[in-house]
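K.L.:
Submitted below is the structure of interest, expressed as structure tokens.
Any read-out appearing in this document is the output of simple, stated calculations on the displayed coordinates, not a laboratory observation. Source: prediction; values computed, not measured. Every residue, glycine among them, receives a Cβ derived from its backbone with ideal geometry; neighbour counts consider all protein chains shown.
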Amino acid sequence: MRIYTRTGDEGETGLFGGDRVPKDHPRVRAYGEVDELNAAIGLAVSLEPAAFAADLLRTIQRDLFTIGAELATPDAAQLRTAMRRSGNPVGASDVAALEAAIDRHETTLSPLKHFILPGGTSKAAAFHLARTVCRRAERAVVSLGGEAPVSAAVITYLNRLSDLLFVLARAANAQDRRPDVEW
């Protein structure tokens, strides 16, 4: 099987279920932003220290694949079938896991009293970049929700994930004894 299909050469792409839409369709934009977020997190995972939150981040990457599949499947019946095969949709327990990770890491950090500038270690900078990509993905999903049904859990998950990525950036800097740079 070849990686190229030529089916998108005219500016359209296929959704799960077979429908074809323009590549700039809000649904495609939403799952494309989630895909970019997944890649940004993959970059953060690859940077040293590689073990820092690695298991948590791999779980998040799997969740983002699930979210992408959900966003790429406009038909509710087809989505239920796809989720039976690939696992459950992202829900309240996944959001709770993000909140628990935030709480765990925040206990190791000094309280925030000012805005901070993104940066620090390479790992922290990658988390800050992933956080901004996450916010963009969240906006794209909210925009799609204005046109089509979108799971509220997906929006909540992305909102909480951006908070976690911010905390992980701070934690990565703290682990390397790099202070946050206040604005």
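K.L.:
Given the chain, what whole percent of its Cα pairs are spread farther than 21 Å?
P.N.:
Of the Cα pairs, 52 percent sit more than 21 Å apart.
K.L.:
Using the Cα gyration tensor of region 1-59, with a ≥ b ≥ c the square roots of its eigenvalues, what is the shape: rounded (a/c below 1.5), prolate (a/b larger than b/c) or oblate (neither)?
P.N.:
Judged from the Cα gyration tensor, region 1-59 comes out prolate (a/c at least 1.5, a/b above b/c).
K.L.:
Under 12 Å from a point placed 7 Å out from the Cα of residue 143 along the Cα-to-Cβ direction: which residues of region 5-32 have their backbone N that close?
P.N.:
Answer for region 5-32: 24-32.
K.L.:
Subtracting the Cα-Cα distance from 0.36 nm times the residue separation, let me have the gained length for residue 88 to residue 107 in nm, one decimal.
P.N.:
Separation in residues times 0.36 nm, less the Cα-Cα distance, equals 3.8 nm.
K.L.:
Using only helices, what value at 222 nm comes out for the chain when you add -39,500 (n - 2.57) per DSSP H run of length 4 or more and divide by the total residues, to the nearest 500 deg cm²/dmol?
P.N.:
That calculation yields -21000 deg cm²/dmol at 222 nm.
K.L.:
Once you place label points 7 Å from the Cα toward the Cβ at residue 12 and residue 155, how far apart are they in nm?
P.N.:
According to this spin-label approximation, the distance is 3.0 nm.
K.L.:
Continuing with this model, one more query. Multiply the residue separation of residue 48 and residue 1 by 0.36 nm, subtract the distance between their alpha-carbon atoms, and state the gained length in nm to one decimal.
P.N.:
13.4 nm
K.L.:
Placing +1 at every Lys and Arg Cβ and -1 at every Asp and Glu Cβ, with all other atoms neutral, what dipole size does region 22-176 have around its Cα centre, in debye to the nearest 20?
P.N.:
In debye, rounded to 20, region 22-176 gives about 100.
K.L.:
A further question follows. Compute the projected area of the convex hull of the Cα atoms of region 80-170, averaged over all viewing directions, and report it in nm² to one decimal place.
P.N.:
7.3
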